[in-house]
1. What do you get for Rg/Rh over the range 396-507 if you use C-alpha atoms and the Kirkwood form of Rh?
2. Keeping every protein chain in place, order Ile718, Ile246 by accessible area at 1.4 Å, biggest value first, i.e. largest first.
3. Give the lysines reachable from Lys589 as a straight Cα distance under 25 Å; neighbours fewer than 8 places away on the same chain don't count.
4. Over the range 617-678, what number does the Rg to Rh ratio reach, with both radii from the alpha-carbon atoms and Rh per Kirkwood?
5. Hey, what does the equivalent ellipsoid look like for the range 349-443, semi-axes from the Cα gyration tensor as sqrt of 5 times each eigenvalue, largest first, whole Å?
6. Using bins 10 angstrom wide from zero, how does P(r) for the range 538-590 break down, in % of all Cα pairs?
7. Checking the table Lys260/Lys414; Lys52/Lys251; Lys648/Lys755; Lys175/Lys755 against a 23 Å threshold on Cα-Cα, which pairs fail?
8. Which whole number of Å³ per residue matches the convex hull of the alpha-carbon atoms in the range 320-395?
Amino acid sequence: METEPTFLQTNPNAAVVGQPLSRVDGRAKVTGQAKYAAEYNTLPNLAHAVLKTSDIAHGRVERIDVSAARQQPGVLAIFTHENLPKLAKTPNTPDDKRETGAPMGYMPMTTDQIYYAAQPVAVVVADTLERAQYAATLVKVQYAVETPIASYQDPKAKLYIPESVQAGRAPGVAKRGNAESAFQSAPVQISATYTNATTHHNPMEPGATTAHWESTDRLTVYESTQGVSETQRTLSTMLGMPREQIRIITKYIGGGFGCKLWVWPHTVLTSLVAKAVGRPVKLVLTRPQQFTSMGLREEQQQDVKIGASQAGKLLSLIYEKRSTTSPWDEYAELNARIVGMLYDLPAYQSTYRLAHANVMTACATRAPGDAPGSYAIESAMDELAAKLGLDPLQIRLLNYADNDSSNGRPWSSKSLKECYARGAELIGWSKRNPKAGATREGKYLVGMGMASASYPVHPSQGNARVRLYADGNAVVQTGATDLGTGTYTIVTQVAADALGIAPEKVRCELGDTALPSTPWSGGSTAGGRVSSSVYLAAQDIWQKLIQMAVADAKSPLYRVLPADVTVTTGRMHLKADATKSETFSDLMKRASMGDIEGSAMGRYGSGYEAAQATTTGDEKPVQHSMNSFGAHFCEVHVDPELGTVRVKRWVSVIAGGRILNPKTARSQIMGGSIFGIGASLMEETVRDPNLARYTNASLADYHIPVNADIPELIVEFIDEKDPYINAMGAKGIGEIAIVGVSGAIANAVYHATGKRVRSLPITPNKVLESLREPV
Ligand code: MOS
């Protein structure tokens, strides 16, 4: 199998890939030229929509009076469940939900039912935002109130084991070997319960939609979404229009973290009301609405039982998760995956328990499943190490999974040992006092902790198109959205190298369903998929031009075999004799071609491996498990009087295949570590246990880290070659950094104090409480 993209083999001096190029969209962003979904303000007659949301979490709208609001100047229309234009399909049944691709099994305002707090009950459309906002305050709603269920912890909640979670994505109960008997007979047993608070994605740019009906059968939506193609699909089904008549444009987005993977009600409502009023309509969620409109990470309890030998070898792991789901969905993030695969594990059992409650549906959030699941397994491993008097790093090496123990397959690549070794060196792990609660610096208790990180390679494929002009400029097009993390930049780098031109000569167009389609930027797939499809599209240009050259009597390559020709920096030449050559541009000019286009589908993950095996004629393709791996190490200072935890030092070492751009990659890892630190020490959305309403739905009350909370973050990458994942050998690194962060911090807090806090976030009250516990 080819291990290097051809241009990197033949073009060692010109490589832009692998260089720390600054973001090519940086200038547009800092000068305000970059247009976000809410900034298409020059659309003719742009009107503004505002949501009126429910004060109660459970019940029904008995009466809704819009008369006073309707009479206000500038008000164009007010929609409620009584007059909302009918949708072709609502996601209100499991079958219809599947068909729409909507994240939530209910569409608000299609009935009078209220299922969760701040559910939309009316949409007010006016000629200005202020007039819409004011009129919305005049909409009067009379509710028939029912007692809500606030969470799985509510005494009224009924926990049950579903057949599957996420409509079949994982079974309610999974078993490998006989975990129960292996646990019972294990000489060493650990049993612990960990809890995670509800958290929210909170991108800086809230959800925003500008819907423009150019005619009754042509809709353009400027949307803050991670996936234009998925948005087009869902709107097409719900509005009952061919996909081809709907265009979604997302040139820039200000963060997504999972909440912008799907079409939520506000987008559907904005599209509907724009058609009804016959004007383009813009709707931007307020920050409090952001907490109740685009999903969340569910609160959860994780019970872990580990059976091990006296030497610390894992014999059995029994994992149970309980969490809250919406009234209509069976959603739980898939924690069991990482719990069952991170270590060599002969027997394993996982169970999901759900309770329906009056909340909107939870959804993928910043390494869904893997982030909270890693907190449980990495804490439990630390507890096992402490119980046996083993070093936390040693116990991980002792249980290192050379193969994926969930299915026995070899890894396509795994450099976790290298990550451990380098991380330990950078933090000075060898200087750590093995005894917990024994290191002080002034009044502070000092602790060092570590944890493993991993994130799966989710298979995906998508298309790209590259156009090279004879004058040496190029345009690259693919529908992918750049979440702000560097997609524009890496695409530019790949195209520049593959075409042998400077990155300044490449213009990159993304985020539009009019461009070649590619799935959402989610699940850490975009970098691996998009870089491959762009590389292969450029290769398509190579092949077309080589075919032309060998058939052209005026070319130095006339009548040579195409297979004997390769390309270095935009010059085609014989592999055996580089002097027999001509440039792309000479050939194109001679042929009077202004430009040439190449296109390709790039694959990421198992589909790529299978396709490669087919082309190389392997009888039986080896099936690899594919994951990125890494390790976090940190030092914390705990104030025993105040209970505060401060992260003083931080090291992340990540192996993610080829690193396309070390600068944007480092930013990814820093960002993931920072929001991991947030989830570990601060982030918590508090749902009132009686009213099922959030009490801290603002960035003043929902705490996230600021600069003063974050030390210098040391990030390194392990050089790793992986020939199985895609044409570029690049693994996704969008989410791996948050995985393991909470484990590393919780373990460091234990090492500092000798007491374990088994509940996230680790806030001062919990630390103080733990310090009062007897040893
Ligand atoms: Mo990610 S949670 O798949 O945006």
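1. Numbers: Rg = 23.0 Å, Rh = 19.3 Å.
With Rh from the inverse mean 1/r over Cα pairs, Rg/Rh is 1.19.
2. Of Ile718, Ile246, the descending order of accessible area is Ile718, Ile246.
3. By straight Cα distance, Lys589 reaches Lys505, Lys544, Lys554, Lys575, Lys580.
4. Numbers: Rg = 18.2 Å, Rh = 14.8 Å.
On the Cα set of the range 617-678, Rg over Rh gives 1.23.
5. Details: eigenvalues 181, 96, 42 Å².
Value: 30, 22, 15 Å, ordered largest first.
6. Reading the bins upward from 0: 29, 65, 6.
7. Numbers: Lys260/Lys414 30 Å; Lys52/Lys251 29 Å; Lys648/Lys755 19 Å; Lys175/Lys755 32 Å.
Exceeds cut-off: Lys260/Lys414; Lys52/Lys251; Lys175/Lys755.
8. Values: hull volume 7.6 nm³, N = 76.
Enclosed volume per residue, from the Cα hull, is 100 Å³.
The values are calculated or read from the model by the stated rules, or taken from the named source; none is laboratory data. Since the model is a prediction, treat every value here as computed from it, not as a measurement. Here the Cβ is made from the backbone with ideal geometry for all residues, glycine too, and neighbour counts use every protein chain on show. Only protein heavy atoms, including side chains, enter the accessible area calculation; ligands, DNA and RNA are left aside. Shrake-Rupley method; radii C 1.70, N 1.55, O 1.52, S 1.80 Å.
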